[in-house]
Amino acid sequence: MPLENHLDLVRRGRTIAYHFGFTDYNDLATSITPITLLADTWTRITNDGAGAFTNLQYPPDDVLPLMNTDTGAITPYKLPLGSDLKIRPDFTITPNSNNASLKFRYSLGSGPGAYTLERSLGRLDEGAGIPYRQSLDMNYIYMGDANTRDNDIFLEVNLSTGGSLVNAGVAIEVDLR
């Protein structure tokens, strides 16, 4: 519905549903105890949602929770098919060796329909023991089938050397169809 139609409904005193919005789940646990990364091993990013800047005030109607704060998985179960998510992870990697290669992926679906969306985040070549923040990339995932919508979406990293990860959080924008 065009914005002017929404405004007209508001003027006439009718309630309208929000069709877009966002949440921001900030992690506290990894700031105290970072996640240990083993060399060349996919590792899930946890998120307890207990960080100071967690913001659950602006989601679309009736879609919460969007994250399982026990596991850090995105939980799109309440989204209608055709909806989409824009996800902005915010984490810091500290490699144990220079020139470490960093990859990131989403693990989606389940069983024989399980799949990943993966990307290389490049080399961390300013030195070992230096924190490298990854925070400005938005990723797009759409709810094109029940396999995607009805299963957890896990955020995972793979570092070519050992290291550690501190998760600041993940912002999730939702557009309902």
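Residues checked against (1) within 18 Å of Trp42 (Cα to Cα); (2) free of Cβ contacts under 8 Å to residues at least 60 places away in the same chain:
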| residue | (1), (2) |
| --- | --- |
| Gly122 | yes, yes |
| Met138 | no, yes |
| Gly144 | no, no |
| Asn151 | no, yes |
| Asn158 | yes, no |
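What tally of residues in segment 141-177 results from selecting those that are modelled with pLDDT under 95 and of a type in the set (A, V, I, L, M)?
As a first pass, look at segment 141-177 and keep what is modelled with pLDDT under 95: 175-177.
Still in the list and also of a type in the set (A, V, I, L, M): 176.
Selection size over segment 141-177: 1.
Hey, among the residues in segment 78-93 that are over 15 Å from the mean Cα position of the chain (by Cα) and on the phi < 0 side of the Ramachandran plot, which one's surrounded by the fewest Cβ atoms within 10 Å (Cβ to Cβ)? Can you show your working first?
Step one: filter segment 78-93 for residues over 15 Å from the mean Cα position of the chain (by Cα), giving 78-83, 93.
Of the ones still in play, those that are also on the phi < 0 side of the Ramachandran plot are 78-81, 83, 93.
Working: Lys78: 17, Leu79: 23, Pro80: 10, Leu81: 12, Ser83: 21, Ile93: 23.
Among those that are over 15 Å from the mean Cα position of the chain (by Cα) and on the phi < 0 side of the Ramachandran plot, it is Pro80.
Output the residues belonging to segment 144-175 that are among the β-branched types (Val, Ile, Thr) and not in a strand (DSSP E or B). Step through it out loud before you land on a result.
So the first thing to find is which residues in segment 144-175 are among the β-branched types (Val, Ile, Thr), and the list is 148, 153, 157, 161, 166, 170, 172, 174.
Answer for segment 144-175, where residues must be among the β-branched types (Val, Ile, Thr) and not in a strand (DSSP E or B): Thr148, Thr161.
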Flag if Ala100 is farther than 23 Å from Asp175 by Cα, touching a residue at least 60 places away in the same chain (Cβ under 8 Å) and touching a Leu at 6+ places or on another chain (Cβ under 9 Å): yes
Is it fair to say Tyr132 is in contact with a strand residue (DSSP E or B) (Cβ under 9 Å, 6 or more places away or on another chain), surrounded by 13 or more Cβ atoms within 10 Å (Cβ to Cβ) and among the aromatic types (Phe, Trp, Tyr)? yes
Which one is nearest to the chain's Cα centre (by Cα) among residues in segment 94-112 that are over 25 Å from Gly129 (Cβ atoms) and of a type in the set (S, T, N, Q)? Ser107
Those residues that are farther than 20 Å from Asp150 by Cα and among the aliphatic types (A, V, I, L, M), I need them from segment 46-87; list them, please. Ala50, Ala52, Leu56
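Given the condition among the hydrophobic types (A, V, I, L, M, F, W, C) and modelled with pLDDT under 95, answer yes or no: does some residue in segment 55-65 qualify?
Filtering segment 55-65 for residues among the hydrophobic types (A, V, I, L, M, F, W, C) gives 56, 63-64.
Narrowing further to those that are modelled with pLDDT under 95: 63-64.
Yes, the conditions are met somewhere in segment 55-65.
The values are calculated or read from the model by the stated rules, or taken from the named source; none is laboratory data. Computed from a prediction, not measured in an experiment: that's the story for all the values here. Because the Cβ atoms are built from the backbone with ideal geometry, glycine has one as well, and the counts that use them run over all protein chains shown.
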